[in-house]
Amino acid sequence: MKLTTDIFTLFDQDESFKYIMRRLLEASMEHSFNGIMITEAGPGYPIVYVNPVFCEMTGYGPEELIGKSPALLQGPETDKKVLDRLSEEIPAGKLFHGQTTNYRKDGSTFAMEWKIAPIRTGTEEITHYLAIQRDVSGHRH
């Protein structure tokens with residue numbers, strides 16, 4: 001029996017494949033150890049998805065975040081230099097990686113590290129951004 005690391009070889013490219021792939025992706029996001037957020041690429045980057053870990057990390061429920069800007073999580077202790085770099089790299093379609101301080105719903109802060117990747121169509125148009133973050137409070141150097 002041959003083992004493969006290419007998940008696309010596991011299934012035929014038909015409707016059942018698409019369904020299974022969607023379920024695998026949903027399960028991986030729902031059960032991740034990291035907070036996951038997906039935003040639209042438009043003005044304000046409205047949030048369209050957050051996973052349970054993201055909600056636990058921030059204290060917000062999905063219904064409080066969907067449609068809002070991720071700026072909702074920023075405050076006075078959020079590193080402006082990191083946000084400036086984010087503002088340059090994201091519109092340029094680059095992968096962003098940074099650390100800063102974010103704010104929970106109750107106003108408390110947490111140190112977080114995150115990566116943001118553009119999601120592109122087949123024509124390379126950026127439609128969404130995938131942000132993966134983790135709480136690194138107590139882990140900063």
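Laboratory data are not the source of any read-out in this text; all were calculated from the coordinates shown. Since the model is a prediction, treat every value here as computed from it, not as a measurement.
Over the alpha-carbon set of segment 90-133, divide Rg by the Kirkwood Rh and report the Rg/Rh ratio to two decimals. Please report the intermediate quantities before stating the final value.
On the way: Rg = 13.3 Å, Rh = 11.9 Å.
Result for segment 90-133 is an Rg/Rh of 1.12.
When Rg and Dmax are taken over the Cα atoms of the chain, they come to 16.9, 57 Å.
Annotated for the chain: lysine pairs at least 8 residues apart or interchain, Cα distance under 26 Å, count 14. Where only DSSP H runs of four or more residues are counted, the chain gives -7500 deg cm²/dmol as its mean residue ellipticity at 222 nm, each run worth -39500 (n - 2.57).
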